[in-house]
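A short write-up of the structure that comes next.
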Amino acid sequence: MSEPTEFSSASKPTANPLAHDAHFVVSAELEAEASELISHYPEKRSAVLMLLHEVQERFGYISQEAVAWIVAKLEMQPIHVLELVTFYPMFRQQPAGQFQVKICRTLSCALGGAYELHHHFCSRLGLDDQAHGIQTSKDGKFSVEFVECLASCGTAPVVMVNEDFREGVTTQQADEMMAQCRKTKG
Amino acid sequence: MPQEFRLILKNIDQPGYTNDIECYLRHGGYEALKQAIVLKPKALPDGKIQTGPEQIRDEVKASGLRGRGGAGFSAGLKWSFVDRRSGKPIYLICNADESEPGTFKDRQILHKDPHQLIEGMVISCYANDVKLAYIYVRGEFPDAARILKKALADARAQGFLGKNILGSGYDLEIFIHRGAGAYICGEETGLIESLEGKRAYPRIKPPYFPAILGLYMCPTIVNNVETLCHVRHIITLGAAKYAQLGTPNNTGTRIVSLSGHVKRPGYYEIEVGKVSLGQLINGANFGGGLRDGRSLKAIIPGGSSSKVFRAGEKFKLKRKGADGQMVTVDVDLLDLPYDFDSLQAAGSMSGSSAVIVLDDSTDIVKALANLSEFYAHESCGQCTPCREGSLWMSKALHRMTHGGARKQDADYLIKTATNIQGRTICAFGEACAWPVISFINKFREEFEAKGEADEAKSGTSH
Ligand SMILES: Cc1cc2nc3c(=O)[nH]c(=O)nc-3n(C[C@H](O)[C@H](O)[C@H](O)COP(=O)(O)O)c2cc1C
Ligand code: SF4
Ligand code: FES
């Protein structure tokens, strides 16, 4: 059988990078919040980042179903939502761990030991500290990733655990944080 | 000994000071707005009548206030460029994206004194006939977004925002818009695209100057958090008194974010130009000096995009002599007044007023590699020189810091950087080129030594 050429694959559409979410159900509360947010702008499309945040807060990532809902809400083309999910680093295309550990890697934090801290998290969680992008521990409890400057360079190294912000994090504090998280039911 | 001068940070971090509206009101909050909104039309000497908003715009111009976000452009002048005859609505956006590496001053205001920003914004909006404004908060500040949301609701409940503000007949709404982790949203036209629900691709200027074709192609003002806070103080103090703070052409106060190898990193508010770089780093009430046993190697004076200074550098600066004539004087790096003009005259910039200090333990090639990785990650990708060049530079520096340096790398990096600057849609092109150009020009021997050492080890030479 001959290999498909560069051009012959045209019939096969590129796979949508977003995961499916069979549990995507929009509550009345989310509908109301969405309507409120849309009312803040003269043009509906402007609300898209805010809706993506609302979805990710509730469902953990942006699924194909979530995009379909936003598309209908804002009367947009699916590609115009998808291209945002792939552009803005905060939006996740796949589920992540229950606790997302974001370690700042930019200069002031690097000088303050961010790479050592990242290595520490990775080795404790059985992750590869050389791998690119977000990694999730086998038990699904933790995701670890490097992020860029979190605007707290005076208290390096800094870390975000979900929405909580931690300053001047030592490896010992990292261990305590992980222990604390493990006690929280998933 | 020079001291901090806390105007914006006056209440922040004081015992018992909280971010709720009652606390703000107890500390004289919204008094400037009350004063501004009742300004009566005034007859000028030439017989023209000047409205209240026009008077505020004049005050801001007379105060000499320069933008605190990065470019240091006159706020009054920026406001004067707004197209007021188009018949379109005028928008104002507060840039709370705070994402220039090294910078952490707006964070303090947003979390600890949100009403100061809101008051500054309402006055600025009133002065510019703005009816709808946004605060663009970076996505990684979820707490700030919540705090601001509550603060806006409280301000609305007390009549400082919404319909018929303080009975004046003036209506204004302010909403929060959250970014999602992209540095380029700090660039004002990228920010506007992002607010329109698109990728944050900066727009080309001309023709898309925000003052004429901004948000929804309407005239738009984009100002930094700290800039807008200053407006409140300009009203309270009056332009003349405000302009006495700081130094000529560099008026007022400024919050400096100090990080890296100092004993007391933190945010320090100073009168612009009244404190030197050396005092900021070594002063007991500022950085407190380097760690014990360490000496200074380099200073990044205005956020990661500013050109680096090497310890021991001297500059020739023009100063007004005692007789009023301009004379050229020699100024040591550490004696450079921390202001807009001196740092520019010394070949760098005060940018976002973020000072990153590097001591002699720093591997300079590694430090540049770190910054270049940031820019490679953050390029929006519209312009080929920036998208490709930032990645080439980062890859070369990665190789150099992983045992594969070559002697000609320094020249290669300079060539790449030089081919980016001036050839891109937005100033990110310069932001990613300048660190490379300045690090290599000032520490060339370290880049070359790495190349020689690695080539000797692998037995190759090119
Ligand atoms: C790449 C890039 C990133 C920027 N990031 C920020 C930022 O995070 N915050 C900010 O206030 N200004 C930032 N700016 C400057 C803005 O474009 C704009 O000049 C500023 O918000 C205007 O406000 P000001 O006049 O009050 O300083 C950035 C500029 C560039 C080119
Ligand atoms: S210079 Fe870089 S960041 Fe700016 S528009 Fe071009 S590609 Fe985007
Ligand atoms: S460098 Fe880590 S918070 Fe700025």
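The values are calculated or read from the model by the stated rules, or taken from the named source; none is laboratory data. Values in this document were obtained by computation on a predicted structure and should not be read as measured data. For neighbour counting, all protein chains shown are included, and Cβ atoms are generated from backbone atoms with ideal geometry for every residue, glycine included.
For this structure, a couple of remarks:
- Residue match in segment B:145-164 (condition: in contact with a Lys or Arg (Cβ under 6 Å, 6 or more places away or on another chain), touching a residue at least 12 places away in the same chain (Cβ under 8 Å) and of a type in the set (Val, Ile, Thr)): no
- Test: B:CYS229 is within 13 Å of chain A (Cβ to nearest Cβ), of a type outside the set (A, V, I, L, M) and within 15 Å of ligand 1 (Cβ to nearest atom): no
- Only listed residue being surrounded by 22 or more Cβ atoms within 10 Å (Cβ to Cβ), under 23 Å from A:ASP21 (Cα atoms) and not polar (S, T, N, Q), chosen from A:PHE142, A:PHE59, A:PHE121, A:PHE87: A:PHE142
- If you check B:GLU173, B:GLU140 for being facing chain A (nearest Cβ under 10 Å), more than 11 Å from ligand 1 (Cβ to nearest atom) and part of a loop (DSSP other than H, G, I, E, B), only one passes: B:GLU140.
- Conditions (1) more than 14 Å from chain A (Cβ to nearest Cβ); (2) more than 30 Å from B:LYS34 (Cα to Cα); (3) within 16 Å of ligand 2 (Cβ to nearest atom); (4) surrounded by 18 or more Cβ atoms within 10 Å (Cβ to Cβ): number failed by B:LEU213: (3)
- Within segment B:132-174, the set of residues being under 21 Å from B:ALA32 (Cα atoms) and acidic (Asp, Glu) comprises B:ASP154, B:ASP171, B:GLU173.
- Search result, residues across segment A:124-158 that are away from ligand 1 (no atom under 16 Å from the Cβ), over 18 Å from the mean Cα position of the chain (by Cα) and in contact (Cβ under 8 Å) with a residue 24 or more places away in the chain: A:ARG124, A:LEU125, A:GLY154, A:ALA156, A:PRO157
- Residue within segment B:124-135 that is among the aromatic types (Phe, Trp, Tyr), in contact with a strand residue (DSSP E or B) (Cβ under 8 Å, 6 or more places away or on another chain) and in a strand (DSSP E or B) present: yes
- Residues satisfying the stated conditions in segment A:73-97, i.e. assigned to a helix (DSSP H, G or I), charged (D, E, K, R) and more than 8 Å from every other protein chain (Cβ to nearest Cβ): A:LYS73
To keep it simple, each residue is scored yes or no on (1) within 11 Å of another protein chain (Cβ to nearest Cβ); (2) more than 16 Å from ligand 2 (Cβ to nearest atom); (3) under 26 Å from A:HIS53 (Cα atoms); (4) not basic (Lys, Arg).
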{"site": "B:LEU148", "(1), (2), (3), (4)": "no, yes, yes, yes"}
{"site": "B:ALA157", "(1), (2), (3), (4)": "no, yes, no, yes"}
{"site": "B:SER168", "(1), (2), (3), (4)": "no, yes, no, yes"}
{"site": "B:GLY186", "(1), (2), (3), (4)": "yes, no, yes, yes"}
{"site": "B:ASN223", "(1), (2), (3), (4)": "no, yes, yes, yes"}
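- Residue check, B:ALA322 assigned to a helix (DSSP H, G or I) and not hydroxyl-bearing (Ser, Thr, Tyr): no
- As for segment A:159-175, it holds no residue that is within 16 Å of ligand 1 (Cβ to nearest atom) and either among the β-branched types (Val, Ile, Thr) or within 11 Å of chain B (Cβ to nearest Cβ) (or both).
- Tally, over segment B:291-324, of residues that are buried (at least 22 other Cβ atoms within 10 Å of the Cβ) and of a type in the set (Phe, Trp, Tyr): 1
- Residue within segment B:345-354 that is within 13 Å of ligand 2 (Cβ to nearest atom), more than 29 Å from B:GLU455 (Cβ to Cβ) and surrounded by fewer than 18 Cβ atoms within 10 Å (Cβ to Cβ) present: no
- Candidates B:ARG406, B:ARG387, B:ARG399, filtered to the one that is touching a Gly at 6+ places or on another chain (Cβ under 8 Å), more than 14 Å from every other protein chain (Cβ to nearest Cβ) and not acidic (Asp, Glu): B:ARG406
- Only residues that are part of a helix (DSSP H, G or I), under 30 Å from B:ARG146 (Cα atoms) and touching a residue at least 40 places away in the same chain (Cβ under 8 Å) were counted in segment B:26-59, giving 7.
- Flag for A:GLN100 being surrounded by fewer than 21 Cβ atoms within 10 Å (Cβ to Cβ), within 14 Å of chain B (Cβ to nearest Cβ) and at pLDDT 95 or above: yes
To keep it simple, each residue is scored yes or no on (1) part of a helix (DSSP H, G or I); (2) touching a residue at least 40 places away in the same chain (Cβ under 8 Å); (3) within 16 Å of ligand 1 (Cβ to nearest atom); (4) not assigned by TED's automatic domain parsing to the domain that holds B:LYS307.
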site	(1), (2), (3), (4)
B:TRP392	yes, no, no, yes
B:HIS402	no, no, no, yes
B:THR416	yes, no, no, yes
B:ILE437	yes, yes, no, yes
B:ASN441	yes, no, no, yes
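- Any hit, segment B:418-433, residues being basic (Lys, Arg), away from ligand 3 (no atom under 16 Å from the Cβ) and not in a helix (DSSP H, G or I): yes
- Scanning segment B:362-384 for residues that are facing chain A (nearest Cβ under 9 Å), assigned to a loop (DSSP other than H, G, I, E, B) and under 20 Å from B:LYS450 (Cβ atoms) turns up just one, B:THR362.
- Residue in segment A:126-147 that is under 14 Å from B:ASN370 (Cβ atoms) and facing another protein chain (nearest Cβ under 9 Å) present: yes
- Taking the numbered list (1) among the hydroxyl-bearing types (Ser, Thr, Tyr); (2) within 14 Å of chain A (Cβ to nearest Cβ); (3) farther than 23 Å from B:ARG444 by Cβ in turn, B:TYR338 passes all entries but (2).
- The set of residues in segment B:86-118 being over 23 Å from B:VAL256 (Cβ atoms), in contact (Cβ under 8 Å) with a residue 12 or more places away in the chain and outside any strand (DSSP E or B) consists of B:SER86, B:LYS88, B:PRO89, B:HIS115, B:ILE118.
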